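*Asks:* Sharing a structure here in structure tokens format.
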Amino acid sequence: MLPPQVNRLTVQEAADRYVELVRAKTVTGALSPATAEVYARDVATFVRLAGDDRVLDDLTGEDVDAVLLAFARKPDERRRSGENGAAAGDGTAGRSVAGDGVARDGLPRGGGTRGPAPRGGPGQSAASQARFRRSVSALFRHAASAGWVHLDPMAASSVRARERGGLRPERRALTREQAEGLIEAARSPTPPPEPGGSDGRRRRADQRTEVRDALVVLLLAALGPRVSELVRANVEDFYTNDGMRYWRIFGKGGRTRDVPLPRDVAAALDAYLAVRAAGAGEKALLLSWRGRRLARGDVQAVIDRVRRRVEPGRSREVTPHGLRHTTATHLLADGTDMDAVRRVLGHSDLSTLGRYRDDLPGELEVAMGSHPLLRRRGGGPAGQTAHGGESGPGEG
């Protein structure tokens with residue numbers, strides 16, 4: 001039997017055709033636009049690492065391993081320094097959010113070398129490496145079915161993301177004290193803006209960016225939305241039902257969820273809507289002082305600006321996704337029903353919550369000190385006084 005004929009496409013040609021197919025799936029609802037763009041960005045990174053003019057069918061398992069290792073060593077460039085980056089709220093920060101801006105210099109073609117990680121920051125997280133591998137695997141699965149390769153080289157690949165497990169070297173979630181410090185800083189009044197901005201242009205007096213910043217922090221810390229869900233929110237997505245304010249969040253996979261707003265968050269929303277000024281037809285909730293929808297990178301800059309007003313002992317760097325971890329961690333630690341937390345965060349499966357929860361210092365001791373089965377009906381836990389000390393003789 002003759003071997004199957006293979007269409008010897010270059011890596012770039014195969015990637016272009018595959019990405020076109022992936023984006024077409026958003027029309028039918030098979031993929032959300034955000035998920036399709038993640039695939040597209042990962043495939044673009046794969047092209048740069050593998051070499052755009054190589055023939056896809058010529059890539060071996062060793063070539064794939066070299067690409068995966070190069071990606072693992074690549075610094076995570078999604079976050080720019082808050083000190084040196086563009087000012088938040090101008091609608092320009094974070095336009096490129098792929099996090100895969102790979103320099104052509106030093107990237108392996110084919111086998112490559114397995115040298116040390118480049119300078120400029122730590123490499124990719126285990127989750128990012130696993131996601132990138134899934135994206136590359138999906139590309140080759142389609143290539144095999146479409147006749148672009150004889151064999152899927154992923155079957156011969158041996159590189160895997162380092163295992164999860166154990167405590168993270170750096171917590172994602174803020175402690176209660178750190179989260180409260182950030183919220184208090186967002187609520188605290190700030191001096192009125194100068195008549196002219198740093199770029200010399202006169203800013204409109206009705207653009208109260210500190211009120212908007214407070215709303216951004218409160219929504220992220222209290223509800224834990226994805227940053228894409230936050231910047232996509234429109235004014236019409238917030239409504240009142242039976243005296244309760246709700247946010248209809250349009251999440252991944254075309255799913256929606258209606259999340260009630262805590263009283264403080266609803267008050268921050270009303271305060272912002274009272275001063276929000278937008279041009280005709282502008283539906284976006286969060287606007288820059290120029291009246292444009294905030295970009296993803298602007299949200300990080302807002303958090304960084306608010307964090308600079310937190311007392312040093314209570315301040316720690318955090319990303320929008322870190323505030324999502326903070327929401328899950330503290331809701332679960334406070335005994336909130338797991339299914340309710342799942343619905344707030346917009347997960348389809350309870351098992352996903354495990355990735356969004358960090359251990360809190362002293363949490364186990366607090367839980368055992370107030371065990372529900374040993375709690376006295378008239379007061380505190382059995383075996384303890386109201387002051388938390390040990391009971392008198394006869395209790396031991």
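*Asks:* Among 146-159, 221-234, what's the highest-first ranking by average C-beta atoms within 10 angstrom per residue? Walk me through the intermediate numbers first.
*Replies:* Numbers: 146-159: 16.1, 221-234: 21.2.
Ranking, from highest mean packing down: 221-234, 146-159.
*Asks:* Mind ordering 21-32, 235-246, 57-68 by average Cβ neighbours within 10 Å, highest first? List each step's numbers first, then the result.
*Replies:* On the way: 21-32: 14.1, 235-246: 12.0, 57-68: 20.0.
Averaged packing, sorted descending, gives the order 57-68, 21-32, 235-246.
*Asks:* Right, another one. Out of the total accessible area of region 254-337 (probe 1.4 Å, heavy atoms of protein only), what percent is carbon and sulfur? Could you put the intermediate results ahead of the total?
*Replies:* Details: 1850 of 3770 Å².
The value for region 254-337 is 49 percent carbon and sulfur by accessible area.
*Asks:* Over region 259-316, what per residue volume does the convex hull of the Cα atoms give, in whole Å³?
*Replies:* Values: hull volume 7.8 nm³, N = 58.
Output value, Cα hull per residue: 135 Å³.
*Asks:* Where does each of 261-274, 127-140 land if you order them by average Cβ count within 10 Å, highest first? The partial results should precede the final answer.
*Replies:* Details: 261-274: 16.1, 127-140: 18.7.
By packing density, highest mean first, the sequence is 127-140, 261-274.
*Asks:* Using the heavy atoms of the protein chains alone and a 1.4 angstrom probe, what is the accessible area of region 223-347 per residue in square angstrom? Display every interim value, and only then the final one.
*Replies:* Details: 5680 Å² over 125 residues.
The answer is 45 Å² per residue.
*Asks:* Give me D for region 10-72 in µm² s⁻¹, whole number, from Stokes-Einstein with Rh from the Kirkwood sum over alpha-carbon pairs, 4 °C and 1.567 mPa s.
*Replies:* Values: Rh = 12.3 Å.
Using the Kirkwood radius from Cα pairs, D works out to 105 µm²/s.
The values are calculated or read from the model by the stated rules, or taken from the named source; none is laboratory data. Source: prediction; values computed, not measured. Backbone-built Cβ (ideal geometry, glycine too); neighbour counts: all protein chains shown. Heads up: the accessible areas ignore ligands, DNA and RNA and are worked out on the full protein's heavy atoms, side chains in. Shrake-Rupley method; radii C 1.70, N 1.55, O 1.52, S 1.80 Å.
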